[in-house]
Structure formats: structure tokens, C-alpha cells
Number of protein chains: 2
Amino acid sequence: MPLRGVPIVVTGPSGVGKGTVIAEMMRRDPGVVHSVSMTTRPARPGETEGVSYFFVDRPRFEDAIRRHELVEWAEVYGNYYGTPLAFLEENFNAGRDVVLDIDLQGASAVRAHFEDAILIYLLPPSLESLKERLVNRPRGDGDDIDLRLSEACTEMRMIGMFHYALVNDDVGRAAQAIQHIIHADRHRLQRVYPSLRENSLLGRPKV
Amino acid sequence: MPLRGVPIVVTGPSGVGKGTVIAEMMRRDPGVVHSVSMTTRPARPGETEGVSYFFVDRPRFEDAIRRHELVEWAEVYGNYYGTPLAFLEENFNAGRDVVLDIDLQGASAVRAHFEDAILIYLLPPSLESLKERLVNRPRGDGDDIDLRLSEACTEMRMIGMFHYALVNDDVGRAAQAIQHIIHADRHRLQRVYPSLRENSLLGRPKV
């Protein structure tokens, strides 16, 4: 029985650098798969169907909600985003771990859905550094820095839901820490026990 | 507040190759400390007091037992062996993780004593390979292979007490797996939370 894959949730406040850390981790560890979300947002130049996102229209997305095809979903600035269960299950069955870059509510839903989910929270080195990152990055309309910081503080107080907490003071170190977490979990007793029983090492003593 | 060290227990049946895997892991990761046992066994050529063992006489060892200075101890072939609590505490306070190469009863005692202990069980690839290793290694008097194998089978059924299980099919891979486990644990929420609170990242929202 090959080891079944698990969901690896990476969450953190807006501006913490989650995307960069995840990209670096996946560059080092090609065995890990990135979750592909379903969205009603139109594809941008360079985005590929089924790789960047599964692009669908609103009726199809709302149908997916009704049919419980999504582990978690949210509406952000008028567009739906969600995580299709089928994509995760296919990868888990093939023994691949899947990284999910999702928000706090999404993390909660994944934790509720999968008992073997690994939840990692990425923290900024300090509030000052988070503010600096938010100020310096390209801003969308209505991007209110003080509001974002206040939301970050509220969100960080939900850290008790997570299994691991990393401070993103260095992209390489944070990426490596996620690798350690992923590889350690592949030896967690409850995860390997089915395969140990199957190869009869833990069967009845007969020598 | 620097991260406090934790005990890393590595247990496995006689002949599984624990010593070799631990030595390889420590060669790669000099930040980890090996526990130094107290023993009444006489020092052998090349062994150093305080590095190989703390060598003591029986009255001193029995005194240590009475004073609860040992986390765990056992009498093997007429000699006492035990793990001094003070050695562990000193290293934990200095932020160093300590690897303990101990038997099942020792692992149980460490688990009972330290709530943040990490317990790793090292398994042979198969019973046949364990038998082969036991047959081929230098044997002491009264080393009964069938008895050892039967004991191994009984012992392996206590695997539920451990957090991680590794199959030692390759020394390098097993050593690396232990490294992953040690480094992942350094980001475990309950372990890092005190330091996160202290640097006020998770204090009351004030921006």
C-alpha cells in the first residue's frame, strides 16, 4: 500500500510572502503538487486552464458549491475562488502531497474535512516588516494598509488552529522548514501504520 | 526566549542498526547532542568519562536511583545503565535537542516525563533481514537468535506509543528522515508559541 498524500495548508496574513515561499519550496521539491483552484475570474495572459486555475462561469461554480464539489470557497472582489475536492483526492490517491495557499477560513474547512491535513501558518518577522511589505508592493484599488494590518493582527490570533508556525525572515529557510515538515510527516505513525501492517512486519509473531 | 531543546528518542529491536543511523544523523547535524548515560559497567579502552558514559560504582548509581536523578534506568547483564536528568535539562535549557538511544521501557519513561519528547521507532525492512543481521553480527554468550527475533516481534507491537516509524532500508535515508523530524518539530506550534508571544507578534492588536 503506497503512502497516501495529504493536504499541506499554508496560510498567513496578506503581505507575508506566502507565494514566494511556496514557489521556492516547490522548486526544491518537485514531488509536491500545488492545488489548482476553480475560479470565475477571467484568465489573464499567460494563465493556463487546469494549471493556473480551472476557469468556469458563475452558474458552473454555483453548481459546484451545491454539489459539494469544493472543499472550501470564497467570493473575493466579485469573483469566486474554491478548492475542488476531486483534484485533491486524485493526487492523494496517487501518493502526492498537495500544497494549498489559502486563507484562514479555507484552512479551517480543510482541517475539518481532512483529519491528516498539515496546517502551517507563516508569520512576518514583525508587524513593522509586514507594514513595510504592504506599503512597498503594488496596490489595488481600496487597498487600505491600516485595515490590512488590523486584519493581520486579528487573523494571527487564530494561530492555535495550526500545527506549525514559521517566521518568514528568510525565504530559503522558510521553504526548507516546510520541506522538513512535509518529509517528517511521511513517517508519522498513523500515516505509515497501514503499510506496516500490510507488509506483515507488525502481524502476529511467527518466526 | 530561545527555543528550548527536546528529547528525541530512537528505539528499535536489537539488530535494527540504530547506532549506525544515529551516528550518521549526528555526523550530518552537529547541532544535535547525544545523551550520555550513567553506567556501572567498567570503561573500555578508548571510552571517555562524560562523553561515552558517566562511569560510577554501584552505590553511586543506586543513590542516583533513590534521588530520582535518572529519567530511566535498567540493569543489563549485571550492569546498570541510566539517563541522568541533569544532563538533559542542561542541554534543553541551552536550546539543544538530545538524542536518546534507549529501549522500549526507557522510551516509555521519557515519554511519561517530557510531554514534548519525540519518539521514533526504527523498523527493519523485514523479519528476514533482521534475522540476517542478528546472525551475521558478533555474538555475545547466550545470544539466542530465535529469542531475539521473538522479542523483536513482541516489542514492535508496542509501536503505538511512538510518534514516528522509520524503516531502516537505507542508513542515509533513515538518518535524513530523523533530521526532517527534528527540524520540523522546531516549528511545531506549541513549541514556538512562547517565543511568538514574547516578541509581541501575537499580542493585542495595536497598529
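A:E90 meets the conditions (1) at pLDDT 95 or above; (2) touching a Lys or Arg at 6+ places or on another chain (Cβ under 6 Å) in every case but one. The failed one is (2). Tallying residues that are part of a loop (DSSP other than H, G, I, E, B) and under 11 Å from A:V6 (Cα atoms) within region A:82-111 yields 4.
For every residue, the table says whether it meets (1) touching a residue at least 40 places away in the same chain (Cβ under 8 Å); (2) hydrophobic (A, V, I, L, M, F, W, C).
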| site | (1), (2) |
| --- | --- |
| A:G15 | yes, no |
| A:G19 | yes, no |
| A:P30 | no, no |
| A:V33 | yes, yes |
| A:P42 | no, no |
| A:E47 | no, no |
| A:F55 | no, yes |
| A:R58 | no, no |
| A:D63 | no, no |
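Scanning region A:45-66 for residues that are among the acidic types (D, E) and either assigned to a helix (DSSP H, G or I) or closer than 25 Å to A:I178 by Cα (or both) gives A:E62, A:D63. Annotation note: of B:P2, B:P42, the sole residue that is in contact with a Gly (Cβ under 6 Å, 6 or more places away or on another chain) and assigned to a loop (DSSP other than H, G, I, E, B) is B:P2. Restricting A:L196, A:L166 to those that are in contact with a strand residue (DSSP E or B) (Cβ under 7 Å, 6 or more places away or on another chain) and at pLDDT 95 or above reduces the list to A:L166.
Scanning region A:147-196 for residues that are buried (at least 16 other Cβ atoms within 10 Å of the Cβ), facing chain B (nearest Cβ under 7 Å) and either touching an Asp or Glu at 6+ places or on another chain (Cβ under 6 Å) or of a type in the set (S, T, Y) (or both) yields a total of 1.
Just to be sure, is A:I118 closer than 14 Å to A:F162 by Cα and within 13 Å of chain B (Cβ to nearest Cβ)? Here the answer is yes, as A:I118 does meet what is asked.
Only residues that are surrounded by fewer than 19 Cβ atoms within 10 Å (Cβ to Cβ) and either of a type in the set (S, T, N, Q) or under 22 Å from A:E72 (Cα atoms) (or both) were counted in region A:24-35, giving 1. Scanning region B:2-19 for residues that are among the β-branched types (V, I, T) and over 25 Å from B:L134 (Cα atoms) turns up B:V6, B:I8. Can you confirm whether region B:57-71 contains a residue that is out of contact with any helix residue (DSSP H, G or I) (no Cβ under 8 Å at 6 or more places or on another chain), surrounded by 15 or more Cβ atoms within 10 Å (Cβ to Cβ) and aliphatic (A, V, I, L, M)? Yes; the residues of region B:57-71 include at least one that is out of contact with any helix residue (DSSP H, G or I) (no Cβ under 8 Å at 6 or more places or on another chain), surrounded by 15 or more Cβ atoms within 10 Å (Cβ to Cβ) and aliphatic (A, V, I, L, M).
The values are calculated or read from the model by the stated rules, or taken from the named source; none is laboratory data. As the structure is a computational prediction, the values presented were derived from the model and not from experiment. Glycine also receives a Cβ, built like all others from the backbone with ideal geometry; neighbour counts cover every protein chain displayed.
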